[in-house]
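Colleague: Following this message is one structure expressed as structure tokens.
The values are calculated or read from the model by the stated rules, or taken from the named source; none is laboratory data. Since the structure is predicted, the reported quantities are computational estimates derived from the model, not experimental observations. Using ideal geometry, Cβ is built from the backbone for each residue, glycine included, and neighbour counts are taken over all protein chains shown.
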Amino acid sequence: MKSIRNRRGLSQVQLAQLLNCTQNTISRYEQSTPIPSVIRLRKLLDLATEQADIEAIIGQLRNAGAIFSHEFSTDRQLGGECNV
């Protein structure tokens with residue numbers, strides 16, 4: 001999340017305003033706790049400009065036990081099947 005925020009030139013406060021949450025929530029997300037809501041994840045992914053940013057978010061979700069390696073792969077082509 002921090003890499004996306006930095007690439008966009010946003011402060012934690014500015015990103016919090018975009019995601020409709022507090023700066024403290026952004027700080028906790030950047031420390032990998034807690035897991036953002038689906039709505040906030042979608043908004044965050046919309047801000048992602050690099051594949052590495054998307055993979056970092058997916059990695060955080062995997063580490064938190066929210067998704068598992070066999071359920072989701074970043075190697076799939078857009079428009080293809082997605083098992084989320």
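Colleague: Do we find a residue being over 21 Å from Asn63 (Cβ atoms), assigned to a helix (DSSP H, G or I) and among the hydrophobic types (A, V, I, L, M, F, W, C) anywhere in the stretch 22-35?
Modeller: no
Colleague: To continue, here is another question. Of all residues in the stretch 16-55, how many are under 8 Å from the mean Cα position of the chain (by Cα), surrounded by fewer than 16 Cβ atoms within 10 Å (Cβ to Cβ), within 14 Å of Lys2 (Cα to Cα) and not β-branched (Val, Ile, Thr)?
Modeller: Counting residues in the stretch 16-55 that are under 8 Å from the mean Cα position of the chain (by Cα), surrounded by fewer than 16 Cβ atoms within 10 Å (Cβ to Cβ), within 14 Å of Lys2 (Cα to Cα) and not β-branched (Val, Ile, Thr) gives 1.
Colleague: Name the pairs: first residue in the stretch 44-61 and in contact (Cβ under 8 Å) with a residue 40 or more places away in the chain and among the hydrophobic types (A, V, I, L, M, F, W, C), second residue buried (at least 16 other Cβ atoms within 10 Å of the Cβ) and not in a helix (DSSP H, G or I), Cβ to Cβ under 8 Å, at least 6 apart or on different chains?
Modeller: Taking only residues 6 or more apart or on different chains, the pairs are Leu44/Met1; Leu44/Pro36; Ala56/Met1; Ile57/Met1; Ile57/Ala48.
Colleague: Next question, about the same structure. Just name the residue that is farthest from Thr25 (Cα to Cα) out of those in the stretch 37-55 that are assigned to a helix (DSSP H, G or I) and among the acidic types (Asp, Glu). Even if it seems obvious, please write down each step before you answer.
Modeller: As a first pass, look at the stretch 37-55 and keep what is assigned to a helix (DSSP H, G or I): 38-47, 51-55.
Subset that is among the acidic types (Asp, Glu): 46, 53, 55.
Numbers: Asp46: 19, Asp53: 19, Glu55: 21 Å.
For the stretch 37-55, the residue satisfying everything is Glu55.
Colleague: It is to be established whether one or more residues within the stretch 64-72 are modelled with pLDDT under 80, in contact with a Ser or Thr (Cβ under 8 Å, 6 or more places away or on another chain) and not hydroxyl-bearing (Ser, Thr, Tyr).
Modeller: Looking through the stretch 64-72, at least one residue is modelled with pLDDT under 80, in contact with a Ser or Thr (Cβ under 8 Å, 6 or more places away or on another chain) and not hydroxyl-bearing (Ser, Thr, Tyr).
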